[in-house]
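Novice: Have a look at the structure that comes next, please.
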Amino acid sequence: MNKCSGCGAALQSITPKQEGYIKEDAKNKTLCERCFRIQNYNEYKRVTKENKEFIDNLEQIKQTGDLTLLIVDLFHMNQNIMEIAKHCSDNLLLVFTKRDLLPLSVSDEKLKQYSNILGLNPLDVFVISANKNRGLDDLYEAIKLYQKSKYVYLVGYTNAGKSTLVNHFISHYSNLSQTITTSMLSSTTLGNLEIPMQEDLILLDTPGILEEGNICEQVDVSDLKKILPKKEVKPITYQVKAKQSIWIDHLARIDSQNNNLTLYFSNQLKMERTFKQNETNLVPHKIQVCANEDIVILGLGFIKAMKDEIITVYTLPDVHVFTRKSLI
Ligand SMILES: Nc1nc2c(ncn2[C@@H]2O[C@H](COP(=O)(O)OP(=O)(O)OP(=O)(O)O)[C@@H](O)[C@H]2O)c(=O)[nH]1
Ligand SMILES: [Mg+2]
């Protein structure tokens, strides 16, 4: 069965609504219709996937013992990553990507140390940005140094930036002309994609795991465009007193009694401080936060508090809200 060269789905000409669809008369092509439309018209179409198939895929990769790159979006890094790490072999490189989204004032060393806080024990840790072409040479060298066989896998949550990274490897270190489909929607890659970089190195891009409780699964494309930061996130600090709320667009509201809160959210989201209003359809979460912790609104961003306090975070139903040791 032929696979789509953009997303790895098995190509088929029977059901237009299903993944891998290609018109009967386009059978000499290798790109499914969905990938063609994303790559040429930036047209997004959501695919609803179950994690089981993707977790089974991780387990099969683990059995091989081959070198695996765990790709983590720095802006959304949190302890959930252990849920993926437990399905990975010990031959693991941890790759924190999207470095360009976090303030430059934070050192890469501090970010690297976060892997210890998460309880990970990789062979090495890299901080990179595929968009800004940062750290890619060192990572590629490390792949060649640590590879156990010619197969090297890239795994991680959906939208972490796996396929974008592979596309950069293809354009910088190979003569291939293939472009893997990337998009801001979840589940862009649907099957394993083999990229023969050299005779002795085949990179395998894999479908990302869906992170339960991520706000990106609950919003429409216009909100998604605002939620996902495109450039360095500019932190905003508010002094909040009783009877005041901070709004993150229409997506979250934060009530504190007396604190200094620094907000790290996409610059495209409207943030404002208002007098507290009682009416809201958002769901409240009471969160005990300490001074060295962030409150994470999963998929949306995070808040650093200056003082210990019980803070109420309102957000969309089914979105996970929790604390983590401060990233910055
Ligand atoms: N700012 C920034 N954005 C990035 C970077 N790498 C990837 N992205 C963006 O992140 C989004 C997801 O990228 P993909 O490469 O499709 O992610 P993926 O991990 O392959 O996702 P799945 O195929 O769904 O598992 C896209 O909008 C990319 O443009 C980066 O280094 N910096
Ligand atoms: Mg992908």
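Novice: Restricting to DSSP loop positions (anything but H, G, I, E, B) with no more than 15 other Cβ atoms inside 10 Å of their own Cβ, which GluC sites (Glu not before Pro) remain in the range 149-249?
Specialist: Passing both the DSSP loop test and the Cβ count: 199, 212, 232.
Novice: If you take every DSSP beta bridge fully contained in the range 1-151, what fraction is antiparallel? Give it as a percent rounded to 5.
Specialist: 15
Novice: Compute the length gained on full extension between residue 280 and residue 121: take 0.36 nm times their separation in residues and subtract their Cα-Cα distance, giving the result in nm to one decimal.
Specialist: Working it through step by step, the gained length comes to 52.9 nm.
Novice: Under unit Cβ charges (Lys, Arg +1; Asp, Glu -1), what dipole magnitude, rounded to 20 debye, does the chain have relative to its Cα centre?
Specialist: Here the chain has a charge dipole of around 860 debye.
Novice: Please report the carbon-and-sulfur percent of the accessible area for the chain; probe 1.4 Å, protein heavy atoms only, DNA, RNA and ligands left out.
Specialist: Exposed carbon and sulfur together represent 48 percent of the surface.
Novice: Pick out which of 242, 142, 305 has the largest mean-square fluctuation in a Gaussian network model of the chain, springs linking Cα atoms closer than 10 Å.
Specialist: Sorting by GNM fluctuation, first place goes to 242.
Novice: When the chain is modelled as a GNM with alpha-carbon springs shorter than 10 Å, which of 155, 283, 95 fluctuates the most?
Specialist: 283
Novice: Given q = 0.13, 0.22, 0.23 Å⁻¹, what are the Debye log10 I(q)/I(0) values for the range 125-181, with equal point scatterers placed on the Cα positions and solvent ignored?
Specialist: -0.33, -1.01, -1.10
Novice: Something else now. Using just the helices of the chain, give the 222 nm mean residue ellipticity in deg cm²/dmol: DSSP H runs with n ≥ 4 each add -39,500 (n - 2.57), and the total is spread over all residues, rounded to 500.
Specialist: -6000 deg cm²/dmol
Novice: Please build a GNM for the chain, connecting alpha carbons under 10 Å apart, and tell me which residue among 216, 35, 290 fluctuates the most.
Specialist: Checking each option, the largest mean-square fluctuation is seen for 290.
Novice: Still on this structure, please answer the following. For a Förster distance of 45 Å, can you work out the FRET efficiency between the beta-carbons of residue 306 and residue 55, rounded to the nearest 0.05?
Specialist: Given R0 = 45 Å and the Cβ-Cβ separation, E is 0.70.
Novice: Hey, got a sec? Which trypsin sites (Lys or Arg not before Pro) in the range 51-96 land in a DSSP loop and have at most 13 other Cβ atoms within 10 Å?
Specialist: For trypsin sites (Lys or Arg not before Pro) across the range 51-96 that sit outside H, G, I, E and B with at most 13 neighbouring Cβ atoms in 10 Å, the list reads 86.
Novice: At 1.4 Å probe radius, can you tell me the per residue accessible area of the range 1-68 in Å²?
Specialist: 66
Novice: Given the pairs 52/230; 110/325; 17/162; 110/307; 226/276, which are separated by over 20 angstrom at their Cα positions?
Specialist: Cα-Cα > 20 Å for 52/230; 17/162; 110/307; 226/276; rest within.
Novice: Could you derive backbone 3J(HN,Hα) for the range 197-210 from the dihedral phi with the Karplus parameters 6.51, -1.76 and 1.60 (θ = phi - 60°), listing whole Hz in sequence and x where the residue is Gly or Pro?
Specialist: Couplings: 6, 9, 4, 9, 9, 10, 8, 10, 7, 10, x, x, 7, 7 Hz.
Novice: Sticking with this one: Charges at C-beta only: +1 for Lys and Arg, -1 for Asp and Glu. How large is the resulting dipole of the range 221-325 about its Cα centre, in Debye rounded to 20?
Specialist: 300
Novice: Hey, another quick one. Once Lys and Arg get +1 and Asp and Glu get -1 on their Cβ, which of 145, 178, 68 lies farthest toward the positive end of the dipole of the range 56-182?
Specialist: 178
Novice: Roughly how far apart, in whole Å, are the Cα centres of the range 1-77 and the range 264-296?
Specialist: 35
The values are calculated or read from the model by the stated rules, or taken from the named source; none is laboratory data. Given the structure is predicted, the values throughout are model-derived calculations rather than measurements. Cβ: placed from backbone, ideal geometry, glycine included. Neighbour counts: every protein chain shown. Side chains included, ligands, DNA and RNA excluded: accessible areas come from the protein's heavy atoms. Shrake-Rupley method; radii C 1.70, N 1.55, O 1.52, S 1.80 Å.
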